[in-house]
1. Any chance segment 399-410 includes a residue that's surrounded by 13 or more Cβ atoms within 10 Å (Cβ to Cβ) and within 24 Å of the chain's Cα centre (by Cα)?
2. If we keep just the residues of segment 112-122 that are outside any strand (DSSP E or B) and not small (Gly, Ala, Ser), which is farthest from Gly256 (Cα to Cα)?
3. Take the residues in segment 62-71 that are surrounded by fewer than 17 Cβ atoms within 10 Å (Cβ to Cβ) and either in contact with a strand residue (DSSP E or B) (Cβ under 8 Å, 6 or more places away or on another chain) or acidic (Asp, Glu) (or both); name whichever of them is farthest from Arg435 (Cα to Cα).
4. Name the residue that is surrounded by the fewest Cβ atoms within 10 Å (Cβ to Cβ), counting only residues in segment 411-428 that are among the hydrophobic types (A, V, I, L, M, F, W, C) and in a loop (DSSP other than H, G, I, E, B).
5. Select from segment 124-159 the residues that are buried (at least 20 other Cβ atoms within 10 Å of the Cβ) and of a type in the set (S, T, N, Q) and list them in ascending order.
6. Provide a single number: the residues in segment 42-77 that are among the charged types (D, E, K, R) and within 15 Å of the ligand (Cβ to nearest atom).
7. Find the residue count for segment 123-167, including only residues that are within 12 Å of the ligand (Cβ to nearest atom), within 25 Å of Thr204 (Cβ to Cβ) and part of a helix (DSSP H, G or I).
8. Go through (1) of a type outside the set (Asp, Glu); (2) in contact (Cβ under 8 Å) with a residue 24 or more places away in the chain; (3) assigned by TED's automatic domain parsing to the domain that holds Val134 for Val259 and report which single condition fails.
Amino acid sequence: MAKHNLIIGGGPAATNALETIREFDADAAITLICDEPTHSRMALPYWLAGKIPEKHTHTGDDAYFQKLNVTVRIGERVDRVDPVKNSVMLSGGDTLNFDNLLIATGSSPVSPPIPGKDLSGVQPMWSLAHTQSVLDATAGMEKPRVVLVGAGFIGFIVLNAMFKRQWELSVVERESQVLPRMLDADAAAGVADYLTSQGVGIHTGTSVTEIKDDGGAKLVQLENGTSLPADIVILATGIKTNLELIDGSGITTDQGILVNDRMQSNFENIYAAGDIAQGPDLYGDQNAIHAIQTTAVDHGRVAGANMAGQDVRYPGSLLMNIADVCGLQCASFGNWNDPQAEVMTVNNTRQHIYRKFLWTEDQLTGAIFTGDAKDVGMLTDIGMIKGILQTQTSLGNWKEYLRDNPFDVRRAYIGAGVAQKLVGTTLTGRPARPRQFHFGGNKPAASVGPAHTAFVSTKAD
Ligand SMILES: Cc1cc2nc3c(=O)[nH]c(=O)nc-3n(C[C@H](O)[C@H](O)[C@H](O)COP(=O)(O)OP(=O)(O)OC[C@H]3O[C@@H](n4cnc5c(N)ncnc54)[C@H](O)[C@@H]3O)c2cc1C
């Protein structure tokens, strides 16, 4: 009899899992339950910046789910998981049974204990509803004043969207530098200097003590005595995994659900993927949460293949943050903060160009890059650094070459055989297929052809 695969969530982990299950098993029953429409959070800043309409953030529609023969329950929540009875309870009271369960419920912003955090116009920027509410709150304003509380990766992606709208921006960060979990102090100093030159107010090493209502507008009071007027305040002070539904279930957790290299929890038919999953880390001994889209996609595909009866092992996710910060591209990878590593650094403070390579013997184990977001050479270098780290290639003599030529990653990448290695690498043991969802049923203008066979399946649907 066909197995019933139940998926909770509708982000990239969930949609990639369901497509992968279907790829391997035409008959499996699949049900997806999500309290929001299936969509990509990563696309929200493009909507916020006015570059795309809201519907372009969606990653599935009725036709897509019908084609893949998936039963969907959008707008519903799972309140409880029972791993003994193999069932989930929905907030509406229904109980559903499963053979395999995937928990892909992601994470949510934490609410900092700041007086005034519940005032209208003070909010996180994480979901479809949050994006709509920022757009509503700023509608008709020529140059809304925004205070961003928290200078982390997601906060800065949101900042970038608002910068494109030419809003008046200030950032408050409790730690002594911006992007504290992404860049070292020198790179961060360059980013802060760049942002200041672009008219963004930077307030590091100080916290928000209170947000006051000031006749509809807000006044953000800082510990150092400064007060910043704002039309909206975005709280970006961190995220936490959405674990409530498994409270008391016996599923083992740490900061997220602990999973093995098949994305299985301590119950072999219960899988976790994406932001919620604390899984293998390519450059660490301990399981880690890497709350980024690429990890969610990989997790979803590995979990989906295994739910469909394959035996796919995940080598681990690469910690990787890449963001366009108002025209300055910033990226860090792997063990970028490793005090044991041998380090090579280039720092051009005038042009805000920073490159740091971190080595363990002749293997690159971490990197930090900043530079002009329009510099195509730098962008391709970032892509190649990702490939070098992902394949864990020993660079041999190319290490010394990079010491002398830190702006010529390409030769090391090709010379050490990284491109060749990547061509032969697949996550699930077969080439990936193009995504099954095309917005409004539109086919992409360019299609996959024979030249792509090594990377993606060219078989027609
Ligand atoms: C504004 C923004 C920009 C970002 N930009 C980038 C970027 O540029 N690059 C990058 O790599 N990453 C980016 N990210 C992070 C990336 O979006 C996440 O890592 C990714 O969405 C995680 O995918 P997921 O499938 O695990 O969870 P999610 O995408 O969070 O999806 C989980 C879904 O499950 C639903 N859910 C939760 N609990 C329940 C329940 N009990 N019952 C039913 N449904 C439930 C949630 O509401 C949500 O819809 C960004 C995130 C945000 C918010």
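The values are calculated or read from the model by the stated rules, or taken from the named source; none is laboratory data. Being a predicted model, the structure only gives us computed values, none of them experimental. Cβ atoms come from the backbone with ideal geometry, glycine included; neighbour counts cover every protein chain shown.
1. No, because not a single residue in segment 399-410 is surrounded by 13 or more Cβ atoms within 10 Å (Cβ to Cβ) and within 24 Å of the chain's Cα centre (by Cα).
2. Per the stated criteria, the residue is Leu119.
3. Filtering segment 62-71 down to residues surrounded by fewer than 17 Cβ atoms within 10 Å (Cβ to Cβ) leaves 62-63, 66-67, 69, 71.
If we keep only those that are either in contact with a strand residue (DSSP E or B) (Cβ under 8 Å, 6 or more places away or on another chain) or acidic (Asp, Glu) (or both) too, we end up with 62, 69, 71.
On the way: Asp62: 15, Asn69: 15, Thr71: 19 Å.
It comes out as Thr71.
4. Residues of segment 411-428 that are among the hydrophobic types (A, V, I, L, M, F, W, C), as a first pass: 412, 414, 416, 418-419, 422-423, 427.
Restricting the remaining residues to those that are in a loop (DSSP other than H, G, I, E, B) gives 416, 427.
Numbers: Ala416: 22, Leu427: 17.
Applying the filter and picking the extreme gives Leu427.
5. Thr131, Thr138
6. Count: 5.
7. Of the residues in that region, 12 qualify.
8. So Val259 meets the others, but not (3).
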